[in-house]
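Before any comments, here is the structure.
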Amino acid sequence: MKYKRTLLVLSAALFSGSVYAEVRMWTTSEGKTFEAEYVHRLGPTIVLKTAKGKQAKVPLSGLSEEDRAYIQLEQPPEFDIEFIRISEKVPEPPPTPFVDLVFPSRSFDWTFGVRVKQKDAKFDYGHQIFIEYYAMGKEVGGDHYVFLSKEKSSFTPTKENQGIYSFRADDPVRTQTKALTDQASLRGTEYEGYVVILRDERGEIIQYEASKKIFFAHIENIKKLHYPNRFNDEGVRVAASRPKEVIDRGNPWLFK
């Protein structure tokens with residue numbers, strides 16, 4: 001068969017020269033092995049580079065199951081990523097005869113999640129995609145960010161699900177902004193942004209989306225945090241910001 005001749009010629013060419021640093025061992029469907037560097041895939045064919053720098057086309061059907069899985073993992077599908085954020089305003093507590101003056105307060109319950117959709121219609125990947133998200137807020141009347149929520153899930157894109165998958169957190173997260181006196185600055189937390197990361201079975205990042213570059217740049221620090229930890233621009237946990245000086249906000253019952 002043609003692919004057998006291609007593999008034999010490629011194998012002979014590879015063993016006749018020096019080996020590249022990025023080469024790996026390949027195995028044919030008949031159990032023969034050779035070394036080559038993976039270049040890219042062209043449909044049912046892959047391109048490999050010999051030790052002499054020459055390229056050769058090899059049909060996927062002529063490789064072992066393990067090598068075909070390797071190729072699939074090297075070229076995962078691309079997804080449209082949507083970060084889901086649903087907010088519901090929390091009603092103000094009813095007045096009581098024990099409190100004559102109620103200062104401004106605003107609270108929201110947030111439900112976060114992710115929806116992904118494969119961009120192409122080729123579902124021959126056959127491997128799990130692991131999805132994780134991180135939701136962040138920021139201090140109102142402060143200088144730091146606030147960790148709000150993180151969740152993980154996974155799915156395998158198939159013809160049946162059309163490469164579409166979504167999930168949401170089970171419990172909402174509350175953010176609140178308020179003033180403690182009629183002359184105090186507003187303090188609290190509000191929603192700020194997110195990071196969504198897609199990984200393959202090896203744990204390698206294949207795609208991500210972030211509302212702020214610094215969130216993804218320091219995700220290894222941020223992923224160690226829990227609600228409602230504060231953190232700085234480098235994702236390092238810090239104490240809550242000190243209250244700013246007292247100001248005259250005028251009408252204490254209105255947000256500006």
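The values are calculated or read from the model by the stated rules, or taken from the named source; none is laboratory data. Predicted model only: the values in this text are computed from it and were never measured. Cβ atoms come from the backbone with ideal geometry, glycine included; neighbour counts cover every protein chain shown. Areas reflect the complete protein model, heavy atoms only, side chains present, ligands, DNA and RNA absent. Shrake-Rupley method; radii C 1.70, N 1.55, O 1.52, S 1.80 Å.
Structure notes:
- Take the convex hull of the alpha carbons in the stretch 132-249; its mean projected area over all directions comes to 9.0 nm².
- Candidate residues GLU192, GLU160: accessible-area rank, largest first, probe 1.4 Å: GLU160, GLU192
- The Cβ shell under 10 Å around SER166 holds other residues with a net charge of +2, Lys and Arg each +1, Asp and Glu each -1.
- Here LYS57 sits with roughly 130 square angstrom of accessible surface, probe radius 1.4 Å.
- The H on the amide N of GLU35, modeled in the peptide plane, is under 5 Å from the matching H of TRP26, each at least 5 residues off or on a different chain.
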